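Data block below; observations after.
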Amino acid sequence: MVFGFLKGEFVDVIDWTDDTRDTMVWRFERYNNAIKYGAKLTVREGQAAVFVHEGQLADVFGPGLYMLETNNLPIMTTLQHWDHGFNSPFKSEVYFVSTTRFNDLKWGTKNPIMCRDPEFGPVRLRAFGSYSMRVSDPGVFLKEIVGTDGEFTADEVSDQIRNIIVQEFSQSIAKSGIPVLDMAANTGDLSKLIAGAIAPTIAGYGLTLPEFYIENISLPEEVEKALDKRTSVGLAGDLNKYMQFSAAEAMGKPGSAGDAMTAGMGAAMGMAMAQNMGPWGAAPAAAAPAVAAPPPPPPAATVWHVAENGATKGPFGDADLAAMVANGTLTRATMVWTAGQDGWKAAGDTALARLFAQVPPPPPPPMG
């Protein structure tokens, strides 16, 4: 009985098998049992074991098999003033830290970021992307982030990492001097710039970000409409051609607000021509040509981005999306995003729900 009691009092095997995908730190549970001197410690690949003795960070072990003796516990031996003849059990907290990568973590701007563009002046930007995270210094990570938490997951630190990313993103974008229209072509360089700016702060937490990606940088909807208007004018070449272009665009949308605009433009243009034409079809030399006010620009088409297998595709217009619904590659559950929308949402919960109402039901079975 006494031998059995003493055997139960001591821990002689210490290891951790992680069966989760998000646990970063796990404290070895020993229920107040003392660790036997000479106990076996197994640290697997992708792990580190950190000993904390009486609240102080002690020895850190990388992958391998260890016998817990004074020669393998130099810091603990110093803290306890053990001599080399020490062979008694001891009490210490043991934390296992996962040093593998935690992938496909998301970041994004909750609020627009104000920056100064050399062409457009002050503009507001939104951005989102992904990153991977890994513990580079288990001791520092345990001391600065985890504390005494017995089981610590990636979600518990991801919010703090996202805040750091957004802060550095804002500062880096402001200092980069890259025009807004060129940012989409420079996301790779921006990613490297921001990752380098983040690295010192992240290292202070015992972490590193092996991968960092900017997946999208978008402007407010009203700015995108202004850009579409500028593009339309540029395509038209001059005001008269722009009016013709706008009328043709509106005529191509039967049953829409474009019909009223087209009719109004036609009437205005007809009246102006009638006033300027003489009885023989020529404009009198003394008559001053009437200048018609330019019509409002056509509404900008909304484009959407689609998330598929961890990648972002698009942008897609209404015609593309309708075809995707018809062939089944876009469903109500597909995650989509458009400018001005707060994060990704299922297509069925957005304005795209109208597309699914147009899909015919399955055909009836053939008649017997």
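The values are calculated or read from the model by the stated rules, or taken from the named source; none is laboratory data. These numbers come from a predicted model, not from an experiment. Virtual Cβ from ideal backbone geometry, glycine too; neighbours counted across all protein chains shown.
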Matching residues in the range 311-359 (among the charged types (D, E, K, R), under 25 Å from Leu125 (Cα atoms) and part of a helix (DSSP H, G or I)) number 2
Meets criteria (modelled with pLDDT of 90 or more, under 25 Å from Met67 (Cα atoms), in contact with a helix residue (DSSP H, G or I) (Cβ under 7 Å, 6 or more places away or on another chain) and not acidic (Asp, Glu)) for Val140: no
Picked from the range 291-333 (must be more than 17 Å from the chain's Cα centre (by Cα) and among the β-branched types (Val, Ile, Thr)), the residue surrounded by the fewest Cβ atoms within 10 Å (Cβ to Cβ) is Val291
Notebook entry, point to check: Do we have any residue at all in the range 92-104 that's touching a residue at least 12 places away in the same chain (Cβ under 8 Å), more than 24 Å from Gly188 (Cα to Cα), among the polar types (S, T, N, Q) and out of contact with any Lys or Arg (no Cβ under 8 Å at 6 or more places or on another chain)?
Noted result: yes
All conditions in (1) touching a Phe, Trp or Tyr at 6+ places or on another chain (Cβ under 7 Å); (2) assigned to a strand (DSSP E or B); (3) at pLDDT 90 or above are true of Thr42 except (1)
Over the range 35-65, the set of residues of a type in the set (Gly, Ala, Ser) and surrounded by fewer than 16 Cβ atoms within 10 Å (Cβ to Cβ) is Gly38, Gly46, Gly55, Gly62, Gly64
Using the structure shown, decide if Thr148 is more than 22 Å from Trp337 (Cα to Cα) and of a type outside the set (A, V, I, L, M). yes
Only one of (1) within 20 Å of the chain's Cα centre (by Cα); (2) modelled with pLDDT of 95 or more does not apply to Val135, and that is (1)
Sole miss for Asp342 among (1) at pLDDT below 85; (2) surrounded by 17 or more Cβ atoms within 10 Å (Cβ to Cβ); (3) under 24 Å from Lys110 (Cα atoms) is condition (2)
Cβ pairs under 6 Å, 6+ apart or interchain, first in the range 336-356 and closer than 15 Å to Ala301 by Cα, second assigned to a loop (DSSP other than H, G, I, E, B), ordered by first then second residue, are Trp337/Trp344; Thr338/Thr302
Residues of the range 191-218 being loosely packed, with under 14 Cβ neighbours inside 10 Å and not in a helix (DSSP H, G or I), in sequence order, are Gly204, Pro210
